[in-house]
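Below you'll find the structure, written out as structure tokens, and then a few comments.
The values are calculated or read from the model by the stated rules, or taken from the named source; none is laboratory data. This structure is a prediction, so every number in the text was calculated from the model and none was measured. Neighbour counts run over all protein chains shown; Cβ positions are idealised from the backbone, glycine included. Note: areas computed on protein heavy atoms with side chains; ligands, DNA, RNA excluded. Shrake-Rupley method; radii C 1.70, N 1.55, O 1.52, S 1.80 Å.
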Amino acid sequence: MNENVETVVIGGGAMGSATAWQLARRGRSVALVERFEPGHVNGASHGASRNFNTAYADPTYVGMLAEALPLWRELEAETGSALLDQVGVVNHGANPAFDRVAEALSRAGLGAEFLAPEPAAERWPGLRFDGRVLHTPDAGRLNADAAVTALQTAAATAGASVRHRARVLRLDVLDDDRVRVTHENGTVTARRAVVTVGAWTGRLLAGVLPVPRLSVTQEQPAHFALRDASAAAAHRAGTEWPGFNHAPDRSDPLYDWWYSPVYGMYTPGQGVKAGWHGVGPVTDPDARSFRPEPVQLAALQRYVREWLPGADADVLEPVSCTYTTTADEDFVLDRVGPVIVGAGFSGHGFKFTPSVGRILADLATGAAPAPPLFALNRTPNAGPGGWLARG
Ligand SMILES: Cc1cc2nc3c(=O)[nH]c(=O)nc-3n(C[C@H](O)[C@H](O)[C@H](O)COP(=O)(O)OP(=O)(O)OC[C@H]3O[C@@H](n4cnc5c(N)ncnc54)[C@H](O)[C@@H]3O)c2cc1C
């Protein structure tokens, strides 16, 4: 069967679904094509929790956060779903960017306050704090599964065609204004193609357009049981666990066993999620083990024992998920002829989803260019560790 639309969006994870929503709500004809079933766990957008962490100093990211917050609320209103819980996020440890982050957030009208570790530990007894704490109260927790479902529902309600179990086999650029997408059940011809296929970006765009090196890793955070029911009670009482980010002091040998900074949050009904960031084994997205690497997992359990007194390090459920990361950990949002690319969201893209969708929709309609930070053929932005070091 052949379908003819203005824009075809390939890949129904968070970013593709947000782009389809943004285009459909502008009355544009759009088809979203996804290879797996709804709610699949093969990519990067599944699971019940993601940090809506606001601790950025880079003006491009802070601007996207300020845009994303009301858009998440609009999506909730449009679909009658609860997606974002502003439980706050606490950042601690040796991150040199905290002061710049606090300044950038207050300039953008987003909350940021510093707390000493002792009062912070009283307030959040499930966590142990490493030096002063940057608390960002507007931050919180997103329900990833519910968000992807809401985006696709809202897109379909606004007129988009949403197709699952339709793997795209090839993308042909016919001329500057026409593409043909061949998938397992037919073809789609369109003026524009938005390619948001996460870990499969390099594979699908091979021979179509040059993409920067993208490293695909299998990440393995885990949910740890609550030590006692207090957090569940706190959840009901609304004084619950904030999300958390903890940066190691690389100049101190006490942190030598750390793989990377640690992030986490409380996931209702599942426990306390904690994970290393971007250090999972490099993987082929079509040949994954979905099993955690045991040494790294043991180190994560040690972290929980030492820094999360409210969680039980020995009762855990591993999670498996992919990061697709550029050399500088900044995203790729750009257009070449009729093809728009959204890729490289690593472990920090979800919070920005509706804003990324708006940027990719703007690129597809020619409404606006993307921020230069995300250019396809850029020289890697300043320094490894990208936004984490830049703040
Ligand atoms: C463990 C983990 C924790 C994270 N924590 C956070 C966090 O706390 N805060 C935060 O902001 N971000 C976080 N992230 C990052 C965030 O989840 C990702 O950046 C985001 O989900 C990426 O979305 P995506 O749409 O690019 O990728 P994906 O969700 O992988 O979507 C790509 C889609 O393309 C489809 N596809 C692939 N090939 C084809 C084809 N040939 N035809 C059709 N469809 C195709 C795939 O099936 C998939 O559904 C985390 C990520 C992981 C893995």
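Normalising by residue count, the chain has a Cα convex hull of 127 Å³ per residue.
What percent antiparallel are the DSSP beta bridges of the chain, to the nearest 5? Intermediate results must be reported in sequence, preceding the final value.
Numbers: 51 of 74 bridges.
That works out to approximately 70 percent antiparallel.
The mean sequence separation of alpha-carbon pairs under 8 Å and at least six residues apart, normalised by the residue count of the chain, gives a relative contact order of 24 percent. Among Ala97, Gly80, Phe114, pick out the residue whose Cα is farthest towards the positive end of the charge dipole of the range 40-122, where Lys and Arg carry +1 and Asp and Glu carry -1 on C-beta, about the Cα centre. Projecting each Cα onto the dipole axis, the largest value belongs to Ala97. Taking each DSSP H run with n ≥ 4 as -39500 (n - 2.57) and averaging over every residue of the chain yields -8500 deg cm²/dmol at 222 nm. Sequentially through the range 307-323, phi angles give Karplus couplings (6.51, -1.76, 1.60; θ = phi - 60°) of 10, 10, x, x, 10, 9, 5, 9, 10, 9, 10, x, 10, 10, 6, 10, 9 Hz, Gly and Pro residues having no value and appearing as x. Taking all protein chains into account, the per residue accessible area for the range 2-374 stands at 38 Å² (1.4 Å probe). Seen against the Cα atoms of the chain and their longest principal axis, helix 59-79 is set at about 80 degrees. In a reduced charge model with +1 at each Lys and Arg Cβ and -1 at each Asp and Glu Cβ, the range 237-354 shows a dipole moment near 220 debye about its Cα centre. Compared with the dominant Cα axis of the chain, that is its longest principal axis, helix 14-25 is turned about 50°. A dipole drawn for the chain from +1 and -1 charges on Cβ atoms has a positive end, and of Val304, Ala31, Val332 the residue lying farthest that way is Ala31.
DSSP loop (so not H, G, I, E, B), at most 12 other Cβ within 10 Å: list which trypsin sites (Lys or Arg not before Pro) in the range 238-338 pass both filters.
Counting only loop positions with at most 12 other Cβ atoms within 10 Å, the trypsin sites (Lys or Arg not before Pro) in the range 238-338 are Arg250.
For the chain, the share of accessible area belonging to carbon and sulfur comes to 54 percent (1.4 Å probe, ligands and nucleic acids excluded).
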